[in-house]
Amino acid sequence: MVRPKDRFLIDTAFMIERMHKTFFETPLLTIDGKDHTCTFGFARDFLRMRRRLGIKHSVFVIGKDSHTLTSEQQLHDVMDFLQRFDLPYVNDSLHSNLQIIAALCLPFSHIVTADRRLFQLASDHLLIVRPQAGRPDKYDSSSYVSPEVIHTELGVAPPDVPTYLTLTEGLGAAKLTHSQAVRLIELYGDLEAIYMHLSQLTSPHIHKKLADNEAQARRYYGESQPERRLEPAQYHISNDALNLDTERHRQLLQTYRFHSLCVLLEDPPEVRLTRKGSKRSTDAYYTVVNRTAMTELASLVRASKVCAIDTESDDKDPRQGTLFGVSFSVKLLGTLRFLHLGSCIEGRRSAAERICDRQRGRSSCRAFADI
């Protein structure tokens, strides 16, 4: 449920991209020789977003990303509209939207964006709100992205999102698969640690991809992380609640000839959208790393009528891939065991704990005795 005091930080990049693609150099609303078509698209999308998300406090972020997506004249027209409409915004063409949002997000409860790099900022106190795929003006319960949802969809925790996206998107044609990226993060950690132990990778296929594209990977990784030196104090934003249901705002829309948007000025209704994604049971996942656990696994398999088995490796090709282990899922008590078959660097217990962390969705793992 969206509360009246909730504050939304809005990444304008996806709104401006949609505005530009929808009305690309098509003057549909020209008044006294001035084209307001793109401004109409931006205003319409925000007023719809405001009603569907129940926004009562918001700040727009117009960073370097937004400036590169459209002409300066169109962006100037949008900012002029925001000023006249009393809608708070931050304009900084020298820093990316990611950097600005990371610097400002602490007092906010929601970030509205289509940029998955911002998933790294998600926490129990800060939700990411993303528009539906292919429908940037639509929002529903699946739009809310919590740390649990990120872990379910990507297989990593929010702090690991920059590394995951670098491996799966930032390498271009040499990008890794979802499973390969998640496995590397489980075993080594962030991108710096992965390259630190690059010589110890057992898959020559993955080793070559990472080695040949190291400069590109490091550049993408650097651009996906906030600058720590960027301070929120350099931005001045308003804390006032939005009050758009006034005669002045209606007259302003009519001046722009945006008559169809007047009905959207009413205060948004109370929004009750259930956050998607529930926490997994933390007692259903175990890693088998010693003889005692192996005996217990054998007993569970014998006692169960049905057992699902899945291999865990770093490649789909059985001739090139390295087998990390085998997962056993039994219906009895709904438990899953991961049989770890070896380690690359830190010893069996450390690697197994990281794998168990991913499956359980927690930062801690069930204690196991060293082999």
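The values are calculated or read from the model by the stated rules, or taken from the named source; none is laboratory data. Keep in mind that what you see is a predicted model, and the values were worked out from it rather than measured. Backbone-built Cβ (ideal geometry, glycine too); neighbour counts: all protein chains shown.
Summary table
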item: Members of the stretch 169-193 that are under 15 Å from residue 222 (Cα atoms) and either among the hydrophobic types (A, V, I, L, M, F, W, C) or assigned to a helix (DSSP H, G or I) (or both); result: 171, 191, 192, 193
item: The one condition in (1) in contact with a strand residue (DSSP E or B) (Cβ under 8 Å, 6 or more places away or on another chain); (2) of a type in the set (Asp, Glu); (3) within 21 Å of residue 243 (Cα to Cα) that residue 92 fails to fulfil; result: (3)
item: Qualifying position, being out of contact with any strand residue (DSSP E or B) (no Cβ under 8 Å at 6 or more places or on another chain) and among the basic types (Lys, Arg), among 116, 130, 50; result: 116
item: Unmet criterion (only one of (1) at pLDDT 90 or above; (2) on the phi > 0 side of the Ramachandran plot) for residue 64; result: (2)
item: Failed item, numbered, when residue 141 is tested on (1) within 30 Å of residue 167 (Cβ to Cβ); (2) surrounded by fewer than 18 Cβ atoms within 10 Å (Cβ to Cβ); (3) more than 21 Å from the chain's Cα centre (by Cα); result: (3)
item: Residue in the stretch 93-115 that is part of a strand (DSSP E or B), in contact with a helix residue (DSSP H, G or I) (Cβ under 7 Å, 6 or more places away or on another chain) and farther than 16 Å from residue 6 by Cβ present; result: no
item: Residues that are within 12 Å of the chain's Cα centre (by Cα) and crowded, with 21+ Cβ neighbours inside 10 Å, drawn from the stretch 159-182; result: 160, 161, 162, 164, 165
item: Test: residue in the stretch 197-207 that is touching a residue at least 24 places away in the same chain (Cβ under 8 Å), under 19 Å from residue 117 (Cβ atoms) and assigned to a helix (DSSP H, G or I); result: no
item: Qualifying positions in the stretch 239-259 - within 17 Å of residue 35 (Cα to Cα) and assigned to a helix (DSSP H, G or I); result: 252, 253, 254, 255, 259
item: Residue in the stretch 51-91 that is nearest to the chain's Cα centre (by Cα), counting only those that are in contact (Cβ under 8 Å) with a residue 60 or more places away in the chain and surrounded by 22 or more Cβ atoms within 10 Å (Cβ to Cβ); result: 53
item: Residue pairs meeting the criteria (Cβ under 7 Å; at least 6 apart or on separate chains; first at pLDDT below 70, in the stretch 122-139; second part of a loop (DSSP other than H, G, I, E, B)); result: 136/114; 137/131
item: Sole exception among (1) of a type in the set (Ser, Thr, Tyr); (2) in contact (Cβ under 8 Å) with a residue 40 or more places away in the chain; (3) under 26 Å from residue 44 (Cβ atoms); (4) surrounded by fewer than 22 Cβ atoms within 10 Å (Cβ to Cβ) for residue 146, by number; result: (3)
